[in-house]
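The values are calculated or read from the model by the stated rules, or taken from the named source; none is laboratory data. The shown structure was predicted, so the numbers you read here are calculated from the model rather than taken from an experiment. Here Cβ is always computed from backbone atoms with ideal geometry, including for glycine, and neighbour counts include all displayed protein chains.
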Amino acid sequence: MSDSHLRPWVAIIGSGPAGLAAAETLAADAEVHVFDVMPSPGRKFLLAGKSGLNLTHAEDFELFLGRFGRAHTILEPALRNFPPEAIREWAAALGTETFVGSSGRVFPTAMKASPLLRAWLARLREGGVTLHTRHRWQGWNAEGVLVFDTPDGVRKFSADATVLALGGASWPRLGSDGSWAALLADRGVRISPLRPANCGFDVQWSAHLRERCAGLPVKSVALSFGGQSLRGEFVISANGIEGSAVYALSAALRDAIEAQDVVRLEIDLLPGRNPEQLAAALSRPRGKATLASHLRKVAGIDGVKATLLRETADAATLADPARLAEHIKALPLVLTGARPLVEVISTAGGVVLDEIDAQFMLRRLPGVFVAGEMLDWEAPTGGYLLSACLATGRAAGSGALCFLKGR
């Protein structure tokens, strides 16, 4: 607690977007201290910036809400209080102008995260926020005091309110390793197991395909699973498949694999071609031309798509134009597992949403608030993840202020 006792002393654990958003909300009314295990703040935020920093999405707000699935009813007040247009205004106030891409995704004009983070941290410091790096949270002691391991030994802090914003368990080398789950579970907080989200999947490729195609994109295709179908592209990896179209279906694919071990994903290699017309084109006499040449000439299939065909179709299918057309329109890929947490974009699971109240406070731990990816929600890539982290961070910060004023 502050020595003066005039301002409440608030600890925020985690310096990602959710934690910094909470700090920004609290700074004017409290003495705010942000703690992080890493040597510098916002490590995962900066990593996201390497691909342009997809801040939010400009689609209709009701569609936007729907991207959060069953969690949208809990998240809706926070998202409405800090909607996509407000995120763009906030970034502009920090000197980062944004633009809307052709897909509706919103990016900084500079396509970098570092200028925005530098300006944000500078504003927080000017507002009196203190940052403590290399502080690994170890929970609370018997007196309810926060305990941290640091290079200088154990340090303890007594807080009037605490905001936890420790992230999920993806990319643990950047600080979010999910170790907080056991600390909260020991206090009776229900935790849904952390699972991969926006992830790639394992496929048992042949050595031939792996050597020829690993790292190559498969463009202008449609992926179908469980009644969902979408156009896009994906990437062949050494272990299987990844990329935007795969991530969009990853929640359904992951859940199905957990239930039945393996699933079959169907890929339409030529979503713009009518199946009957494709079969007719493939039936044309090819003379002395090879199958590869014939496919390239009449169907425009070559390169990685042609290799995928040979990987998944038997000789009888390749020799029968009608069956080959069916295979091209619904090429089956057997997925055997989701990629591990250490390499996925985000995680599902976390603090069960029933454990928090409308202010994002843990019902079992008064004065302790939770924000960001620690909570049990998931969303696809496209700006939704960062939007919800910013919005819930602000909501948790506001909740902490209400708690402090009502004590």
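Could you list, in sequence order, the residues of the stretch 160-193 that are in a strand (DSSP E or B) and surrounded by fewer than 21 Cβ atoms within 10 Å (Cβ to Cβ)?
ILE191, SER192, PRO193
Of the residues LEU53, LEU65, LEU26, which is among the hydrophobic types (A, V, I, L, M, F, W, C) and surrounded by fewer than 21 Cβ atoms within 10 Å (Cβ to Cβ)?
Numbers: LEU53 fails: surrounded by fewer than 21 Cβ atoms within 10 Å (Cβ to Cβ); LEU26 fails: surrounded by fewer than 21 Cβ atoms within 10 Å (Cβ to Cβ).
Being among the hydrophobic types (A, V, I, L, M, F, W, C) and surrounded by fewer than 21 Cβ atoms within 10 Å (Cβ to Cβ) holds for just one of LEU53, LEU65, LEU26, which is LEU65.
Kindly indicate whether ALA18 is of a type in the set (A, V, I, L, M, F, W, C) and in contact with a Cys (Cβ under 8 Å, 6 or more places away or on another chain).
Yes: the conditions hold for ALA18.
Determine if the stretch 320-337 includes at least one residue that is among the charged types (D, E, K, R) and either surrounded by 22 or more Cβ atoms within 10 Å (Cβ to Cβ) or free of Cβ contacts under 8 Å to residues at least 12 places away in the same chain (or both). It would help to see each step written out before you state the result.
At the first step, the residues of the stretch 320-337 found to be among the charged types (D, E, K, R) are 320, 323, 326, 329.
After this cut, where a residue has to be either surrounded by 22 or more Cβ atoms within 10 Å (Cβ to Cβ) or free of Cβ contacts under 8 Å to residues at least 12 places away in the same chain (or both) as well, the list is 320, 323.
Yes, that holds for at least one residue.
Filter the stretch 348-384 down to the residues that are part of a helix (DSSP H, G or I), surrounded by fewer than 24 Cβ atoms within 10 Å (Cβ to Cβ) and among the hydrophobic types (A, V, I, L, M, F, W, C) and list them by number.
Of everything in the stretch 348-384, just one residue is part of a helix (DSSP H, G or I), surrounded by fewer than 24 Cβ atoms within 10 Å (Cβ to Cβ) and among the hydrophobic types (A, V, I, L, M, F, W, C), namely LEU353.
Please state which of the following conditions LEU55 fails to meet, knowing it meets all the rest: (1) within 16 Å of the chain's Cα centre (by Cα); (2) under 30 Å from ARG136 (Cα atoms); (3) without any contact (Cβ under 8 Å) to a residue 60 or more places away in the chain.
For LEU55, the failing item is (3).
Looking at (1) surrounded by fewer than 22 Cβ atoms within 10 Å (Cβ to Cβ); (2) touching a helix residue (DSSP H, G or I) at 6+ places or on another chain (Cβ under 9 Å), which one does VAL32 not meet, given that it meets all the others?
The failed condition is (1).
For the stretch 200-238, which positions are part of a loop (DSSP other than H, G, I, E, B) and modelled with pLDDT of 95 or more?
If the condition is that a residue be part of a loop (DSSP other than H, G, I, E, B) and modelled with pLDDT of 95 or more, then GLY200, VAL203, GLN204, TRP205, SER206, ALA214, GLY215, LEU216, SER237, ALA238 are the ones that fit.
In this structure, does ILE241 turn out to be within 23 Å of SER346 (Cβ to Cβ), outside any loop (DSSP other than H, G, I, E, B) and touching a residue at least 24 places away in the same chain (Cβ under 8 Å)?
Spelling it out, ILE241 is indeed within 23 Å of SER346 (Cβ to Cβ), outside any loop (DSSP other than H, G, I, E, B) and touching a residue at least 24 places away in the same chain (Cβ under 8 Å).
So, in the stretch 338-347, of the ones that are of a type in the set (A, V, I, L, M, F, W, C) and assigned to a loop (DSSP other than H, G, I, E, B), which residue ends up surrounded by the most Cβ atoms within 10 Å (Cβ to Cβ)?
The selected residue is VAL344.
From the residues in the stretch 111-125 that are in a loop (DSSP other than H, G, I, E, B) and hydrophobic (A, V, I, L, M, F, W, C), which one is farthest from LEU26 (Cα to Cα)?
We begin by selecting, within the stretch 111-125, every residue in a loop (DSSP other than H, G, I, E, B); these are 111-113.
Pick out the ones that are also hydrophobic (A, V, I, L, M, F, W, C) and you get 111, 113.
Working: MET111: 29, ALA113: 23 Å.
Per the stated criteria, the residue is MET111.
Suppose we filter the stretch 287-319 for residues that are within 14 Å of PRO275 (Cα to Cα) and either exposed (fewer than 15 other Cβ atoms within 10 Å of the Cβ) or in contact (Cβ under 8 Å) with a residue 24 or more places away in the chain (or both); how many remain?
Adding up the residues that qualify gives 1.
What's the total number of residues in the stretch 261-285 that are part of a loop (DSSP other than H, G, I, E, B), farther than 18 Å from ALA222 by Cα and touching a residue at least 12 places away in the same chain (Cβ under 8 Å)?
Final tally of qualifying residues: 4.
Quick one: in the stretch 39-49, of everything that is farther than 18 Å from PHE99 by Cβ and at pLDDT below 95, which residue is surrounded by the fewest Cβ atoms within 10 Å (Cβ to Cβ)?
LEU47
Out of everything in the stretch 219-267 that is in contact with a Pro (Cβ under 8 Å, 6 or more places away or on another chain) and of a type in the set (Ser, Thr, Tyr), what residue ends up being nearest to THR381 (Cα to Cα)?
Residue satisfying both the conditions and the ranking: TYR247.
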